[in-house]
1. Compute the convex hull volume of the Cα atoms of the chain, divide it by the residue count, and report the result per residue in Å³ as a whole number.
2. Taking only protein heavy atoms into account and a 1.4 Å probe, give the accessible area per residue of the chain in Å².
3. Report the paramagnetic label zone for residue 158: residues of region 194-235 whose backbone N is under 18 Å from a point 7 Å from Cα along the Cα-to-Cβ axis.
4. When only C-alpha pairs under 8 Å and at least 6 residues apart count, what is the relative contact order of the chain, in percent?
5. Which value in nm describes the separation of the simple spin-label points at residue 245 and residue 75, placed 7 Å from the Cα toward the beta carbon?
6. Rounded to whole Hz and in sequence order, give me ³J(HN,Hα) for region 204-212 from the Karplus expression 6.51 cos²θ - 1.76 cosθ + 1.60, θ = phi - 60°, writing x for Gly and Pro.
7. Given H placed on each backbone N at 1.01 Å, which residues far from residue 151 in sequence or on other chains put an amide H within less than 5 Å of it?
8. Per residue of region 256-271, in order, report the coupling 6.51 cos²θ - 1.76 cosθ + 1.60 (Karplus, θ = phi - 60°) as ³J(HN,Hα) in whole Hz, putting x for Gly and Pro.
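The values are calculated or read from the model by the stated rules, or taken from the named source; none is laboratory data. Keep in mind it's a predicted model, so treat the numbers as computed, not measured. For neighbour counting, all protein chains shown are included, and Cβ atoms are generated from backbone atoms with ideal geometry for every residue, glycine included. Only protein heavy atoms, including side chains, enter the accessible area calculation; ligands, DNA and RNA are left aside. Shrake-Rupley method; radii C 1.70, N 1.55, O 1.52, S 1.80 Å.
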Amino acid sequence: MQPTSPRSSRIIGTGRCLPSRVLTNFDLEKMVETTDEWITTRTGIHERRIAADNEACSDISVAAAKEALAMAKLDAKDLDGIIIGTISGDMLFPATATLVQDRLGAVNAAAMDVSAACSGFIYGLTLANAMIVSGQMNRVLVIGSEVLSKFVDWSDRATCVLFGDAAGAAVLEGCPAGEGLLATHVKSDGSLAELLCIPGGGSRQPLGPTTYLEHSHYIKMKGDGVFKWAVRAMVDAAKTVLDETGHSLADVSLVIPHQANIRIIDAVVERLEIPRERVVVNLDRYGNTSSATIPVAYDEVVREGRLEPGDLVLFTGFGAGFTWGSVLFRHSISL
Ligand code: ACO
């Protein structure tokens, strides 16, 4: 929704963490019946990062958060809140955000996770912005962080080639309306939940011999259904925030779409008629890192100096649930 309050929030620092281990399409050729050619033409992905055996969601979240706090020139004690969009946290509970809070020493922050799959960062930004606009918080750390490699069925070629591990972070701070975030929009449709889910290991199908034998504790996906919905949802969400603010795509300097598949991005770009040079793509190097794709890509363009303060940036994404949403904002970081 477009803010009606005199207050808004802006991003004052960003960071990212990519695990060091690289898994290429050629490596995957040795693991399942697939080819570099199939993966590249169907998805656009060449390689992805995979967390070490002892590396968990909180580890990469903390690393990304430290970079974001350093750029924002803030101490962790300055934070009022920490929100992590994740579906691959360290444990079923407590929230990974609480573990990150402890390790950062963010003693004044309330901490929570948001489960919105690949839309987790957009949902997190939306919640953080609402907390700031309402006056309950002033500085909130939002992280998108996933270690999906530990939830992927490495014998299922239809899904194991798609995902990678990463964390991206952003620090939000209160600002006058008209600066920073101009509009946020989030939606969901739970009737589509079964198209993309981990059915086992929850309270519906608790972990046990059956879930284990059926591999139902791993990601299950009906790829074609996801594809169609993803395009429609990302286009609709992007149009909504543009319409609400009276902006057109011609005003937008960079569009950062969720990085699931290059053909999904191509279809979104075609429908929205966005000039290709204004669309950020990095999925060739990282694959689909779910809630981390957008903050990682934003951190990359920020550090590459591709944006000037005041430039309009559009995030648009979708994820399991289904969930989807967009954020339109003025870039506020000057390095
Ligand atoms: N290597 C080789 N062949 C494969 C592979 C693979 N890795 N995976 C599937 N195939 C085969 C299938 O078995 C099938 O063979 P068949 O015709 O003999 O049955 C054939 O390739 C075609 O399979 P499709 O599923 O129809 O392939 P499609 O062109 O639809 O591409 C894909 C599959 C890439 C998953 C596509 O549907 C897609 O991108 N969907 C979007 C889903 C997505 O991006 N999900 C992750 C994101 S979810 C999120 O971010 C929230």
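1. Details: hull volume 41.8 nm³, N = 335.
Convex hull volume per residue, Cα atoms: 125 Å³.
2. I get 41 Å² per residue for this part.
3. 194-200, 214-230
4. That works out to 26 percent.
5. 3.4 nm
6. With the stated coefficients, region 204-212 comes to 6, 10, x, 4, x, x, 5, 4, 5 Hz.
7. Distant-sequence amide H within range of residue 151: zero hits.
8. My calculation for region 256-271 gives 10, x, 4, 9, 9, 6, 5, 6, 5, 4, 4, 5, 5, 4, 5, 5 Hz in order.
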